[in-house]
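> Quick one: the structure is below, and I'll ask about it shortly.
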Amino acid sequence: MISITETQTLKSLVMEKEKKSNSYLGFLGLFLALAFLAGPILMAVYFSPLYLIALVADIFLWIGLVVVNPNESVVLVLFGKYTGTLKKNGFYWINPFYVRKKISLRARNLNSEPIKVNDKLGNPIMIGIVLVWKVEETFRAAFEVDDYVRFVDIQSEAAIRKLAGAYPYDNFDDAEADISLRSGGEEVNHQLENELRERLAIAGIHVMEARIAYLAYASEIAGAMLRRQQATAIVAARQKIVEGAVSMVELALEQLSKKDIIKLDEDKKATMVSNLMVVLCSDKDVNPVVNAGSLY
């Protein structure tokens, strides 16, 4: 097991900060490139052997020109060493020997396809998320992972599987579970965001928002679970109906006794309670029967 202190030490070693690159205005480089371009032309006209040297120098000047668009960055590497990142949009001239890697800083959406996983209780479910993310640390995105876009895809799927295994789909089987994937809402989404932030931090990715976009039982148990939900709803409704019927019967007996409308012995009370419960709890219309004789 790795302790928290060791984990923090590893993170501090891995997560090197990006740094701003020293560059020059591109218009100055463009002016020099145009000026050197005129030299080889004149030398070629007068058959001067120096025009090849001037032409090579002019080519290097043109290679050093770079444009950085809004919400884009250019990571610069010189002979295997990271030298800095251009983030401010504009026109620059840099060392022609720099190896450049463009990284977009725009916000991106990941709408993952629903995948089949098992929830906390082992039920197969289909779950998908929507993730809004962007690159924040270009050094880590460029050098700490092989492909930061694919890294986001794979780690998002891993986070989904871990989240699904931490909560039940609903609380039918686990009545003590206050939070479930179906009813957890913001708390479940917050847990998902934290999990993704921890996983994507090594790649310099900033998680802006993450939410469950699709949640359903897997097809092989969807029908059974639907019938189960319907049965649970019917039982809950019946329970409320019985509670209300008992209250109404109790009130009826109390009012009859209080107002001394009729004297009822235990057998008559039992008959009355039975009839009222049938009338109040029945799911069909009741047809009254008028007794023209005695009460019995």
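The values are calculated or read from the model by the stated rules, or taken from the named source; none is laboratory data. Predicted model only: the values in this text are computed from it and were never measured.
> For the stretch 179-189, give me the residue count where each residue is assigned to a helix (DSSP H, G or I) and more than 9 Å from the chain's Cα centre (by Cα). It would help to see each step written out before you state the result.
Here is the first cut: in the stretch 179-189, the residues assigned to a helix (DSSP H, G or I) are 186-189.
Those left that are additionally more than 9 Å from the chain's Cα centre (by Cα): 186-188.
Within the stretch 179-189, residues that are assigned to a helix (DSSP H, G or I) and more than 9 Å from the chain's Cα centre (by Cα) number 3.
> A further question follows. Give me the residue from the stretch 114-145 that is modelled with pLDDT of 90 or more and of a type in the set (D, E, K, R) and, out of that set, farthest from ARG197 (Cα to Cα).
Within the stretch 114-145, the match that is farthest from ARG197 (Cα to Cα) is LYS116.
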